[in-house]
Amino acid sequence: MPKYITTDIMVANFLVYEGYRHSIESHDGRRFTFIFEFKDEDEKIRVELLVQKFWNGETVVEPLKFNQSMKQIKSRMEDHKKNY
């Protein structure tokens, strides 16, 4: 199964905002890796292009929804820390 892996919380937040599901890994309870799995390589390529557009400033987000996705990620990170 193809994967897109990032340690950047803003990229992870953007992908969650866009509706992609992820898992979180941490080796020390402080630094996190966000893993997005896809059904095929084409979907992974679409995500890589979307991330490139994000960094190039070519995307637009709805601020409240973007903030909600960040809260979701931070909550999952806190849960992960507790279980570490």
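Being buried (at least 21 other Cβ atoms within 10 Å of the Cβ) and either modelled with pLDDT under 95 or over 8 Å from the mean Cα position of the chain (by Cα) (or both) is the filter here; which residues of the stretch 3-18 pass it?
Correct list: 4 only.
List every residue pair whose Cβ atoms sit under 7 Å apart, with the two residues 6 or more apart in sequence or on different chains, where the first one lies in the stretch 25-52 and is at positive phi and loosely packed, with under 15 Cβ neighbours inside 10 Å and the second, anywhere, is β-branched (Val, Ile, Thr) and not in a strand (DSSP E or B).
Hits for this filter: zero, empty list.
The values are calculated or read from the model by the stated rules, or taken from the named source; none is laboratory data. Owing to the predicted nature of the structure, the values given are computational and were not obtained by experimental measurement. Neighbour counts are summed over all protein chains in view; Cβ atoms, including those assigned to glycine, are modelled from backbone coordinates with ideal geometry.
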